[in-house]
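Derivation of every value follows stated rules applied to the coordinates shown; laboratory data play no part. These numbers were taken from a predicted model, which means no experiment stands behind them. When we count neighbours, we look across all protein chains shown, and the Cβ atoms used for this are built from the backbone with ideal geometry, even at glycine.
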Amino acid sequence: MDISIHDNSLLSYSISADKREIRPHAAFPDDERPEYTDVVFSGVVAYHSEHDKGILFDIRDKYEPLFSQGRNYHWPVDHDSKESPLRRMREQEIRAFVILSSDGVSGWIRT
């Protein structure tokens, strides 16, 4: 069974700088038995978060618009002008996730 965070309420999240981990903790509201879900991002090198509370919609791998904005600044990876930063990221096994919500919290995480 796949775990879904769709329509889960973000309860909290923890950031461990020394472990390079971010752990959002969410719950799907149910009157009888709420379903709790933790998502673990390991090897975190950068992140951005706005709004500490909200209803989660999805967490998606590869947020290409963010990378295309930073391409001229060689972010998130150094590349020559002919090389695609997304191809370079795949070669270096760099991943990025965007956090989408229907209400509140938003951001991205790069591992």
Vicinal HN-Hα couplings computed from phi for the range 15-22 (Karplus, 6.51 cos²θ - 1.76 cosθ + 1.60; Hz; Gly/Pro x): 10, 10, 5, 5, 8, 6, 10, 10
Within the range 4-65, GluC sites (Glu not before Pro) in DSSP loop having at most 11 other beta-carbon neighbours inside 10 Å: Glu32
Asp103-Asp52 pseudo-label distance in nm [points 7 Å out on the Cα-to-Cβ vector]: 1.9
Spin-label zone in the range 20-45 - amide nitrogen under 19 Å from a point set 7 Å from the Cα of Leu11 along the C-beta vector: 22-41
